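The structure under discussion appears below in the form of structure tokens.
The values are calculated or read from the model by the stated rules, or taken from the named source; none is laboratory data. No experiment lies behind these values; they were computed from the predicted model shown. In this analysis, Cβ positions are derived from the backbone assuming ideal geometry, glycine residues included, and neighbour counts consider all displayed protein chains. For the accessible areas, the whole protein counts, side chains as well, though only heavy atoms, and no ligand, DNA or RNA atoms are used. Shrake-Rupley method; radii C 1.70, N 1.55, O 1.52, S 1.80 Å.
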Amino acid sequence: ALDGDRLASGGGYEDRSIIIWNLADGSQVATLEGHKSWVNCLTALDGDRLASGSRDRSIIIWSLADGTQLAKLEGHEGSVLCLAALPGGRLVSGSADESIIIWSLADEKQLAKLEGHTDEVQCLAALDGDRLA
């Protein structure tokens, strides 16, 4: 859930959109479109923003206030399969290319690329402090 009242869901092969739902009445609040393939993962960010990762190998940062695309992060060579928000305005992405990228959302640049998995990175969890699992 984005906050206590909203939920975001990502569409598949034909759909490719993200729907923002009002949980109180089940209505669609907004539809976000911009990915060229299905949406694999979503994570809520501070500042009423949402990050989406896709099979098109990109991450889009969205404004939930007006539904606009704020940024597009590219750097993976495979599908973006998972996302996690870290403190300090950072985002982490895992991919089918077996890598993890740590992004600075302020300047939309890669801070680090972590390589070592021998298969796709399917899940990430931000732990307390500055740790990632």
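How many residues does the range 18-37 contain that are closer than 20 Å to ALA84 by Cβ and open to solvent by 60 Å² or more (accessible area, probe 1.4 Å)?
Result for the range 18-37: 0.
Among the numbered criteria (1) within 13 Å of the chain's Cα centre (by Cα); (2) open to solvent by 60 Å² or more (accessible area, probe 1.4 Å); (3) of a type in the set (Val, Ile, Thr), which single criterion is violated by THR118?
Here THR118 meets the rest and fails (1).
How many of the residues in the range 107-130 are in contact with a strand residue (DSSP E or B) (Cβ under 9 Å, 6 or more places away or on another chain) and either modelled with pLDDT under 95 or not in a strand (DSSP E or B) (or both)? Reasoning before the result, please.
Here is the first cut: in the range 107-130, the ones in contact with a strand residue (DSSP E or B) (Cβ under 9 Å, 6 or more places away or on another chain) are 108-117, 120-126, 130.
This time we only want the ones that are either modelled with pLDDT under 95 or not in a strand (DSSP E or B) (or both), so: 108, 116-117, 120-126, 130.
The number of residues fulfilling the criteria is 11.
Within the range 97-115, take every residue that is over 14 Å from GLY53 (Cα atoms) and among the acidic types (Asp, Glu) and give me the one that is surrounded by the most Cβ atoms within 10 Å (Cβ to Cβ).
Out of the qualifying residues, it is GLU98.
Looking at the structure I just gave you, is ALA84 at negative phi and open to solvent by 20 Å² or more (accessible area, probe 1.4 Å)?
Spelling it out, it is not the case that ALA84 is at negative phi and open to solvent by 20 Å² or more (accessible area, probe 1.4 Å).
Please tell me if ASP130 is more than 18 Å from LEU42 (Cα to Cα) and touching a Leu at 6+ places or on another chain (Cβ under 8 Å).
Yes; evaluated as a whole, the condition is true for this residue.
How do the pairs read when you match residues in the range 1-13 that are buried (at least 18 other Cβ atoms within 10 Å of the Cβ) with residues anywhere that are assigned to a loop (DSSP other than H, G, I, E, B), using Cβ under 6 Å and keeping only pairs 6 or more apart or on different chains?
ALA8/LEU2
Looking only at the range 89-96, decide whether some residue is open to solvent by 70 Å² or more (accessible area, probe 1.4 Å) and either closer than 21 Å to GLY78 by Cα or free of Cβ contacts under 8 Å to residues at least 60 places away in the same chain (or both).
no
Within the range 9-62, track down each residue that is of a type in the set (D, E, K, R) and within 12 Å of the chain's Cα centre (by Cα).
Residues satisfying the conditions are ARG49, ARG55, ARG57.
Pick from the range 4-14 the residues that are of a type in the set (D, E, K, R) and in contact with a strand residue (DSSP E or B) (Cβ under 8 Å, 6 or more places away or on another chain): which of them is farthest from LEU32 (Cα to Cα)?
Looking at the filtered set, the residue picked out is ASP5.
For the range 1-37, which positions are at pLDDT below 95 and aromatic (Phe, Trp, Tyr)?
Of everything in the range 1-37, just one residue is at pLDDT below 95 and aromatic (Phe, Trp, Tyr), namely TYR13.
Being among the hydrophobic types (A, V, I, L, M, F, W, C), open to solvent by 30 Å² or more (accessible area, probe 1.4 Å) and touching a residue at least 12 places away in the same chain (Cβ under 8 Å) is true for just one of ALA51, ALA71, ALA65. Which residue is that? Spell out the reasoning first.
Working: ALA51 fails: open to solvent by 30 Å² or more (accessible area, probe 1.4 Å); ALA71 fails: open to solvent by 30 Å² or more (accessible area, probe 1.4 Å).
Of the residues listed, the single one that is among the hydrophobic types (A, V, I, L, M, F, W, C), open to solvent by 30 Å² or more (accessible area, probe 1.4 Å) and touching a residue at least 12 places away in the same chain (Cβ under 8 Å) is ALA65.
Do any strands (runs of 3 or more DSSP E) lying entirely in the range 22-90 carry at least 3 residues that are acidic (Asp, Glu), and which ones are they? Break it down into steps so the answer makes sense when it comes.
Numbers: elements: 28-32, 39-45, 49-54, 58-63, 69-74, 80-86.
Because the criterion is at least 3 residues that are acidic (Asp, Glu), no strands (runs of 3 or more DSSP E) in the range 22-90 meet it.
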